[in-house]
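Working notes for the structure below.
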Amino acid sequence: MNLRLVWLAAFANLGSCTPAQPAAVAPTPSHAVTPGVAVGPQYDTTHVYVAPEDVDRFVQSFLATFGGTSTKQVVATVTPTPSRTTSQLLQTPVGTVSVFGFKTPVPYPFGLERASYLVTDIDQGVQAARNCGAALIVTTFPDPIGRDAIVEWPGGVTMQLYWHTTKPAYPAFQTLPESRVYVSPDRVSAFVDSVLCFSHGTLVSDDAGAPGVEVGRPGETFRRVRLESAFGKIVVLVTDGHLPYPYGHELAGYEVTDLAGTLAKAKAAGATVLVEPYASDRRQASLVVFPGGYVAEIHASAP
């Protein structure tokens, strides 16, 4: 089950951190023989875990910042073992999040997954991920309207795959969010190969000299890899682990048309700006933390 979508629908890292001039990464040979299982980026969600007492404040702040709507909040078991959590889906023009406020301890390894991807067939999706180098760490389990599993990609990045008995229908985003992934130099090639193989994606760019200001180390450089597929966008930040707070805590980056205006809305709605706006890679960007502790990157194209 898409920890977020499934239950909601059912009820309604860095700097001069990397070796010099790494070679660009190409898709693995198995790419061509792995079936495509993507449905669309509007069905991908970022999983947000907050304390139950912070759920309402987070929801109000996030929607006030980006617009959009929430499904009805429910209390449900969203794991294959006993647990209870509030659950709701926030759909905005720039990205979707599934919000969980666990009333019981969170069963391992739930809470570690960054996002969930809707696939056309859960068995094919799981097998494709495994064929492309992912480890199946939570075997497929049923939910009221589908089935789910959690996989781990090389580099320790975990993700939920989900499938609905009846395919959901969500509007396309105005702008595509970016999943922000921090991976070590030792595992980045394996990670990129695996994700491109699974997603049938494209290596958009591989910059070994990206400005270090993007990861909190101005005056230095680091390696940044951008990937894109029918699942959406991933930004791979290759780090040595010397990450100043809050870098490495953000799970997603949201593209808006007016960064200053969006930050003003966020602050008025209780969010805190952690990193003031900076310019890099033809964009202006900032990092904020919402009530409940969810850290996000927000960016806009440079004027």
Does A23 count as modelled with pLDDT under 95 and outside any strand (DSSP E or B)? yes
For the range 96-122, give me the residue count where each residue is more than 13 Å from Q160 (Cα to Cα) and assigned to a helix (DSSP H, G or I). 0
Can you name every residue in the range 191-229 that is assigned to a helix (DSSP H, G or I), in contact with a strand residue (DSSP E or B) (Cβ under 9 Å, 6 or more places away or on another chain) and of a type in the set (A, V, I, L, M, F, W, C)? F191, V192, V195, L196, F198, V213, V215
Among the candidates L112, L161, L90, single out the residue that is surrounded by 21 or more Cβ atoms within 10 Å (Cβ to Cβ) and over 17 Å from S199 (Cα atoms). L90
Residue list for the range 163-183, restricted to those being under 28 Å from P246 (Cβ atoms) and touching a strand residue (DSSP E or B) at 6+ places or on another chain (Cβ under 7 Å): F173, T175, L176, P177, E178, S179, R180, V181, Y182, V183
Only strands (runs of 3 or more DSSP E) wholly contained in the range 230-286 count here; list those with 3 or more residues that are hydroxyl-bearing (S, T, Y). 272-280
Going through G209, G219, G293 one at a time, which residue ends up being surrounded by fewer than 21 Cβ atoms within 10 Å (Cβ to Cβ), under 22 Å from Q91 (Cα atoms) and not assigned by TED's automatic domain parsing to the domain that holds L118? G293
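The values are calculated or read from the model by the stated rules, or taken from the named source; none is laboratory data. All figures in this text were calculated on a predicted structure; none of them were measured in a lab. Because the Cβ atoms are built from the backbone with ideal geometry, glycine has one as well, and the counts that use them run over all protein chains shown.
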